[in-house]
1. Does the stretch 127-187 come out rounded, prolate or oblate, given a ≥ b ≥ c as the square roots of the eigenvalues of its C-alpha gyration tensor, rounded meaning a/c under 1.5 and, failing that, prolate meaning a/b above b/c?
2. Looking only at Cα atoms, what is the convex hull volume of the stretch 75-150 per residue, in Å³?
3. In what order, largest first, do ARG215, ARG78, ARG153, ARG147 sit by accessible area if the probe radius is 1.4 Å?
4. For the full complex of protein chains and a 1.4 angstrom probe, list VAL210, VAL116, VAL94 by accessible area with the highest value first.
5. Do any trypsin sites (Lys or Arg not before Pro) in the stretch 154-223 lie in a loop, going by DSSP, with at most 14 other beta-carbon atoms within 10 Å of their beta carbon, and if so which?
6. Label point 7 Å out from GLU39 along Cα-to-Cβ: which residues of the stretch 73-108 have amide N under 20 Å?
Amino acid sequence: MWSSPARIGAALALAVVLTSCGDGGGGGSEEPAGLTAAEACGGFAGQADAAAALKAVLGGARFEDDLSRRDWALSRLRDDAAAPWAASYRPQPVRYCGLRSTEGDPKDLRIEVGAVGKGPYLGPELATSVTAYASGLEAFSSSGIGRVYFSCRPEATAHAIVVGTTVRGPADAPDTDLGRRTRLITLANAAAQDVAAELGCADTGLVEGVPATRRPEFTVPTD
């Protein structure tokens, strides 16, 4: 028979073994579920300003993909720049990125890109309901939608196109939330920069970080 000290020692040894098996030797910590800003949609929001904007808009730092088609969107833009358009051709925007929060209340965000026709894109009738920003050819945002337009010639043999980048945020912010407008335009601008880099666009006029606000200027397009 075992003595009392022997039984106590055996019990302690068993407890140590069970504890070690229970946490897998890693202290019981687990990686949070979902993608980080640097991992989502090609990492377009990996920089500090865009990551902070994404976290603020979706209410968390982890996300799940929601039907993103980044590669297809880039391929479509290359195709649109490769050949002249017919007079009746109207390219449709493609979902470049879709994200849904995995923390807190479920919220979603969608970013679309596509070749667009000749501007202007911000006219007097729209200027009173949005904030204009200095980036690309044109940039403006409401509390629900941010848009950035920039010019791009993907290859030497291609013709120049204007790329429209649109971000649609959760419908939970009042129109007077100017901070939300800046966050959405920051994300649209970051996505536009990612697209421009992937396509090899030069002289886009896109800025780094958070675009500054500006007074809108209206011009009449000429043929």
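1. Values: a/c = 3.54, a/b = 2.55, b/c = 1.39.
In terms of gyration-tensor shape, prolate.
2. Dividing the Cα hull volume of the stretch 75-150 by its residue count gives 132 Å³.
3. Numbers: ARG215 200, ARG78 95, ARG153 120, ARG147 65 Å².
So the residues, ranked largest to smallest area, are ARG215, ARG153, ARG78, ARG147.
4. Reading off the accessible areas and sorting them downward yields VAL210, VAL116, VAL94.
5. Hits after loop and neighbour filter: ARG214.
6. 97-108
The values are calculated or read from the model by the stated rules, or taken from the named source; none is laboratory data. The shown structure was predicted, so the numbers you read here are calculated from the model rather than taken from an experiment. FYI the Cβ positions are ideal-geometry reconstructions off the backbone, even for glycines, and counts take in every protein chain you see. Heavy atoms of the whole protein, side chains included, go into the accessibility calculation; ligands, DNA and RNA do not. Shrake-Rupley method; radii C 1.70, N 1.55, O 1.52, S 1.80 Å.
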